[in-house]
Ligand SMILES: *Cc1c(COP(=O)(O)O)cnc(C)c1O
């Protein structure tokens with residue numbers, strides 16, 4: 001059997017937890033969502049997480065709360081999944097693609113500064129593969145030019161930067177609980193808000209911007225409310241939260257195991273010809289969502305591994321070539337190079353010790 005790129009981790013307790021919610025018949029947003037949010041804070045150190053129905057919804061909601069309006073510009077990398085750029089278009093704003101660092105795949109702070117115009121309102125860094133961006137440098141630029149920072153941390157559940165959890169650093173940090181992310185709720189996401197007032201707004205806006213706690217029904221049977229500005233149907237529901245609660249148990253051990261596997265790969269490949277490992281540093285603890293590196297003759301590499309029953313994948317190529325984003329940018333030299341040589345090896349909860357050795361052997365056999 002071929003060793004797959006991804007694996008969906010479902011806790012053995014999931015069926016019981018979700019089953020209890022189904023038995024209760026209360027399947028919409030309720031106490032389980034609240035409990036899940038509290039557990040995200042106590043387990044992962046996330047600040048004021050507001051649970052929603054996808055990572056994409058979390059990103060869009062964060063842009064709304066950051067005040068992004070039609071005509072504004074948001075600086076982001078092209079090395080990401082299309083959701084990052086599409087939510088900017090959803091606000092009728094313009095994604096402006098800055099260059100990345102070849103050694104990490106993350107936004108290059110010096111390129112961000114060159115892309116700032118009068119219309120720039122926010123920076124949207126993506127922690128590619130789970131390795132944190134240069135948040136100090138990005139924070140300094142944001143403060144200097146009065147820009148919001150909205151982190152796309154879809155790959156970074158469990159990552160830390162200089163000892164602080166991703167999810168506790170910028171005004172807004174967005175996570176995904178999609179099927180192949182670290183923790184899944186089927187589909188789901190969360191936006192973490194440093195300011196309690198933003199979290200309050202997010203709670204209302206995820207449900208049509210109706211203040212549920214203070215909108216009691218009249219004798220006529222409908223809640224009484226006034227909607228001051230648009231809200232969305234973005235809330236998480238209780239059976240998704242129950243799945244999330246089950247999958248969150250034991251997360252720390254699973255993350256440590258991912259880190260161990262990544263360190264085995266690093267040791268095995270650090271001196272190999274034709275491979276350049278990504279840069280890692282002690283103050284940047286990666287969530288190790290995927291194991292990325294650069295290889296020479298990438299297609300030969302993929303075919304050689306395939307013949308040895310190991311999957312290798314780019315996971316995502318650059319997104320700026322899409323027509324909706326205006327076509328491929330010509331001034332991103334590191335992105336150009338990254339796009340040609342990056343590749344990822346299997347790294348997930350389903351890998352056995354034998355699988356890990358098989359991946360290492362498959363690479364060491366050459367291409
Ligand atoms: C998965 C992902 C998203 C979107 O998350 P969904 O939960 O699928 O909406 C956004 N950005 C990146 C970088 C992702 O990998």
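Checking each residue in segment 144-196 for being within 13 Å of residue 125 (Cα to Cα), assigned to a strand (DSSP E or B), out of contact with any helix residue (DSSP H, G or I) (no Cβ under 6 Å at 6 or more places or on another chain) and within 16 Å of the ligand (Cβ to nearest atom) picks out 151, 173, 175. Of the listed requirements (1) buried (at least 21 other Cβ atoms within 10 Å of the Cβ); (2) more than 17 Å from residue 349 (Cα to Cα), residue 244 misses just one: (2). In segment 128-164, how many residues are buried (at least 23 other Cβ atoms within 10 Å of the Cβ) and out of contact with any strand residue (DSSP E or B) (no Cβ under 7 Å at 6 or more places or on another chain)? Qualifying residue count, segment 128-164: 5. Could you tell me whether residue 272 is within 23 Å of residue 353 (Cα to Cα) and in contact with a helix residue (DSSP H, G or I) (Cβ under 8 Å, 6 or more places away or on another chain)? In short, yes. Checking each residue in segment 40-71 for being surrounded by fewer than 19 Cβ atoms within 10 Å (Cβ to Cβ) and within 11 Å of residue 91 (Cα to Cα) picks out 67, 69, 70, 71.
Listed by first and then second residue, the pairs with beta-carbon distance under 9 Å, at least 6 apart or on different chains, first residue in segment 238-252 and on the phi < 0 side of the Ramachandran plot, second part of a helix (DSSP H, G or I) and at pLDDT below 95, form an empty list.
This table checks each residue for (1) over 14 Å from the mean Cα position of the chain (by Cα); (2) modelled with pLDDT under 95; (3) under 16 Å from residue 40 (Cα atoms).
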position: 200; (1), (2), (3): yes, no, no
position: 219; (1), (2), (3): yes, yes, no
position: 231; (1), (2), (3): yes, no, no
position: 253; (1), (2), (3): yes, no, yes
position: 259; (1), (2), (3): yes, no, no
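Apart from one condition, residue 287 fits all of (1) in the same structural domain as residue 133 (by TED's automatic domain parsing); (2) at pLDDT 95 or above; the exception is (1). None of 317, 332 is farther than 24 Å from residue 265 by Cβ, modelled with pLDDT of 95 or more and outside the structural domain of residue 98 (by TED's automatic domain parsing) except 332. In segment 282-305, is there at least one residue being touching a strand residue (DSSP E or B) at 6+ places or on another chain (Cβ under 8 Å), farther than 26 Å from residue 358 by Cα, touching a residue at least 24 places away in the same chain (Cβ under 8 Å) and surrounded by fewer than 16 Cβ atoms within 10 Å (Cβ to Cβ)? Scanning segment 282-305, I find at least one residue that is touching a strand residue (DSSP E or B) at 6+ places or on another chain (Cβ under 8 Å), farther than 26 Å from residue 358 by Cα, touching a residue at least 24 places away in the same chain (Cβ under 8 Å) and surrounded by fewer than 16 Cβ atoms within 10 Å (Cβ to Cβ), so the answer is yes. Among residues of segment 260-279 that are exposed (fewer than 14 other Cβ atoms within 10 Å of the Cβ), those with a Cβ under 8 angstrom from a residue that is in a loop (DSSP other than H, G, I, E, B), sequence gap 6+ or separate chain, pair up as 279/101; 279/103; 279/104.
Residues in segment 122-136 that are in contact (Cβ under 8 Å) with a residue 40 or more places away in the chain and more than 11 Å from the ligand (Cβ to nearest atom): 122, 123, 131, 132.
Being in a helix (DSSP H, G or I) and surrounded by fewer than 19 Cβ atoms within 10 Å (Cβ to Cβ) is the filter here, so list the residues in segment 204-241 that pass it. Of everything in segment 204-241, those that are in a helix (DSSP H, G or I) and surrounded by fewer than 19 Cβ atoms within 10 Å (Cβ to Cβ) turn out to be 212, 213, 214.
Residue by residue through segment 108-143, note down the ones that are assigned to a loop (DSSP other than H, G, I, E, B) and closer than 13 Å to residue 73 by Cα. 115, 116, 117, 118, 119, 124, listed by residue number.
The values are calculated or read from the model by the stated rules, or taken from the named source; none is laboratory data. Predicted model only: the values in this text are computed from it and were never measured. Counting neighbours? That spans all protein chains shown, and the Cβs are built from the backbone with ideal geometry, glycine included.
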